[in-house]
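Enquirer: Quick one: this structure, given as structure tokens, is what I'll be asking you about.
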Ligand SMILES: Nc1ncnc2c1ncn2[C@@H]1O[C@H](COP(=O)(O)OP(=O)(O)OP(=O)(O)O)[C@@H](O)[C@H]1O
């Protein structure tokens, strides 16, 4: 049997959570359960695959339905949409302090006019695989608990129908920057102060008794977002749609629809077919996150200080800390990738590591090198202090490469990192396996045709990302044609 879910958010915020029934078509089946996650949550994976498990996962198990569509607003590609909300998603409840949430579960009062409330099976799986990969790589992220096939079809990328699915996901919460924007525009001021208190209790209890809770909350979200985006930089990960409704205040990655890990490196990498101006390209992610946080600060100002000018000064001071948090976090992320032990290192060393990150990007970009492959080759270098031959073969700019290598060795010496320590750091920071774009795409096409095996194989590799897995060699690198890959945003 499965536990009873809580509804603390919906109970506390009736003006932000509206009763809404999911549409679970007859014949729907749970076709995949995330067994490690089920275990972590104390759930029985075998039960979840049964018809009773399907009912529990979709909020239909009790005598009455307690499922909700959540309200939020959002700046989408820079333009404010005052009312968005779960238009094809439902909150089922909370388990162990986390949200259980459906996507692709039918229309609600927030549905986009004329839209079907559904999700293509391939989009459901893309989110499931990427979430598992980010989690295995140590990043905070929402994760798929299960995939449901409904037997229905949807039309997205072509006039041809494709199978539909429902994602059952688990997230720290679904409180977004856009939730606060909605509360600011549509609710009494008390809703926002209650929401700050609720969010602090749930996500940042260490600062919940602060003298100025709204200011401390802003500070905590700024820091966690800076760390999140720095971790993405370290993986060459492009979220895809960093609208304010896709920014969770918990600091987890959510709603990474048309996301991808970069193969051939370019700072301008953008994978989403709807991001025509490249607003959310790789190199813009820190600046765009700062922009999103500024929109967040705007709707907290009156809670920060009743004097508007003082409130702006205080919020600005916190926002200005974003760059420092980001650079510090990015320097630490890349230090591990470079094999540098920076524990206890002074700020000037971290600044030098950060400068080396930019030089690395130059080196990768000038030859469009494979981001993940470059770092893994570095981790597996057998040549000690000699410039690794394999890197020499990858790069056609030997001058740049030699300079870069000399700088890396200088920082190793400066930080007193032994060869052994360097190798250990790099082997645990530079993955062998990420969901390569073309391999993921091929696996998604297979699942649409009824074959789940390629996805299961990909999952087994990315779940242990730092270890070579016999039989998965084809998933270790990107084929040449991946340079031209662009993910379709048919969510
Ligand atoms: N198929 C759909 N049917 C009804 N409403 C939809 C559908 N797809 C998106 N919407 C709604 O349109 C608005 C903007 O959606 P957005 O593009 O952010 O999609 P989303 O469902 O939130 O997907 P993602 O998780 O990838 O961000 C949201 O209110 C969303 O619920």
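The values are calculated or read from the model by the stated rules, or taken from the named source; none is laboratory data. Not measured: the values here are computed from a predicted model. Every residue, glycine among them, receives a Cβ derived from its backbone with ideal geometry; neighbour counts consider all protein chains shown.
Enquirer: Take the conditions modelled with pLDDT of 95 or more, near the ligand (Cβ under 10 Å from one of its atoms) and over 30 Å from residue 12 (Cα atoms) and apply them to residue 36. Does it pass? Don't jump to the end; show me each part of the working.
Expert: Details: modelled with pLDDT of 95 or more: yes; near the ligand (Cβ under 10 Å from one of its atoms): no; over 30 Å from residue 12 (Cα atoms): yes.
When the stated conditions are applied, residue 36 does not pass them.
Enquirer: Return the only residue of 341, 370 being buried (at least 21 other Cβ atoms within 10 Å of the Cβ), touching a helix residue (DSSP H, G or I) at 6+ places or on another chain (Cβ under 9 Å) and touching a residue at least 24 places away in the same chain (Cβ under 8 Å). Even if it seems obvious, please write down each step before you answer.
Expert: Working: 341 fails: buried (at least 21 other Cβ atoms within 10 Å of the Cβ).
Criteria check complete, one pass: 370.
Enquirer: Looking at 210, 231, 226 in this structure, which one is in a loop (DSSP other than H, G, I, E, B) and assigned by TED's automatic domain parsing to the domain that holds residue 321?
Expert: Every option except 210 fails the conditions.
Enquirer: While we're on this one: Tell me, which residue of the stretch 238-259 that is at pLDDT below 95 and in contact with a helix residue (DSSP H, G or I) (Cβ under 8 Å, 6 or more places away or on another chain) is surrounded by the fewest Cβ atoms within 10 Å (Cβ to Cβ)?
Expert: 257
Enquirer: Run residue 271 past the list (1) surrounded by fewer than 20 Cβ atoms within 10 Å (Cβ to Cβ); (2) modelled with pLDDT under 95 and report the number of the one that doesn't hold.
Expert: Every listed condition holds for residue 271 apart from (1).
Enquirer: Still on this structure, I have one more. Taking the stated definitions as given, is residue 104 more than 25 Å from residue 6 (Cα to Cα) and either in the same structural domain as residue 30 (by TED's automatic domain parsing) or crowded, with 19+ Cβ neighbours inside 10 Å (or both)?
Expert: no
Enquirer: OK, next. Quick one: which residue in 268, 275 is within 15 Å of the ligand (Cβ to nearest atom), on the phi < 0 side of the Ramachandran plot and assigned to a loop (DSSP other than H, G, I, E, B)?
Expert: Values: 268 fails: within 15 Å of the ligand (Cβ to nearest atom).
Step by step, each of 268, 275 is checked, and only 275 is within 15 Å of the ligand (Cβ to nearest atom), on the phi < 0 side of the Ramachandran plot and assigned to a loop (DSSP other than H, G, I, E, B).
Enquirer: Could you check the stretch 74-108 and list, in sequence order, the residues that are touching a strand residue (DSSP E or B) at 6+ places or on another chain (Cβ under 6 Å) and more than 9 Å from the ligand (Cβ to nearest atom)?
Expert: Answer for the stretch 74-108, where residues must be touching a strand residue (DSSP E or B) at 6+ places or on another chain (Cβ under 6 Å) and more than 9 Å from the ligand (Cβ to nearest atom): 90, 91, 92, 93, 94, 98, 99, 100, 101, 102, 105.
Enquirer: State the number of residues belonging to the stretch 395-443 that are surrounded by fewer than 17 Cβ atoms within 10 Å (Cβ to Cβ), free of Cβ contacts under 8 Å to residues at least 40 places away in the same chain and within 17 Å of residue 478 (Cβ to Cβ).
Expert: Counting residues in the stretch 395-443 that are surrounded by fewer than 17 Cβ atoms within 10 Å (Cβ to Cβ), free of Cβ contacts under 8 Å to residues at least 40 places away in the same chain and within 17 Å of residue 478 (Cβ to Cβ) gives 1.
Enquirer: Moving on to the next point. Could you please find all residues in the stretch 109-140 being within 27 Å of residue 202 (Cβ to Cβ) and either outside the structural domain of residue 58 (by TED's automatic domain parsing) or more than 13 Å from the ligand (Cβ to nearest atom) (or both)?
Expert: 132, 133, 134, 135, 136, 137, 138, 139, 140
Enquirer: Now for a different question. For residue 280, work out the one condition from (1) out of contact with any helix residue (DSSP H, G or I) (no Cβ under 8 Å at 6 or more places or on another chain); (2) within 16 Å of the ligand (Cβ to nearest atom); (3) over 30 Å from residue 189 (Cα atoms) it doesn't fulfil.
Expert: Result: residue 280 passes all but (1).
Enquirer: Show the residue pairs that are 6+ apart or on different chains and have beta-carbon atoms under 9 Å apart, the first residue being within the stretch 239-252 and touching a residue at least 12 places away in the same chain (Cβ under 8 Å) and within 22 Å of residue 267 (Cα to Cα), the second being assigned to a helix (DSSP H, G or I) and near the ligand (Cβ under 6 Å from one of its atoms).
Expert: 239/246; 240/246
Enquirer: If I filter the stretch 142-163 for residues that are within 24 Å of residue 68 (Cβ to Cβ) and outside the structural domain of residue 56 (by TED's automatic domain parsing), do I get at least one hit?
Expert: No, there is no match, as no residue in the stretch 142-163 is within 24 Å of residue 68 (Cβ to Cβ) and outside the structural domain of residue 56 (by TED's automatic domain parsing).
Enquirer: Then there's this: If I filter the stretch 253-265 down to residues being under 15 Å from residue 103 (Cβ atoms) and in a loop (DSSP other than H, G, I, E, B), which single residue comes out as farthest from the ligand (Cβ to nearest atom)?
Expert: Only one residue fits best here, namely 259.
Enquirer: Would you point out the residue of the stretch 457-491, among those that are under 23 Å from the mean Cα position of the chain (by Cα), surrounded by fewer than 17 Cβ atoms within 10 Å (Cβ to Cβ) and in contact (Cβ under 8 Å) with a residue 24 or more places away in the chain, that is farthest from the ligand (Cβ to nearest atom)?
Expert: 467
Enquirer: In the stretch 22-42, what count of residues is obtained for those that are in contact (Cβ under 8 Å) with a residue 60 or more places away in the chain and in a loop (DSSP other than H, G, I, E, B)?
Expert: 8
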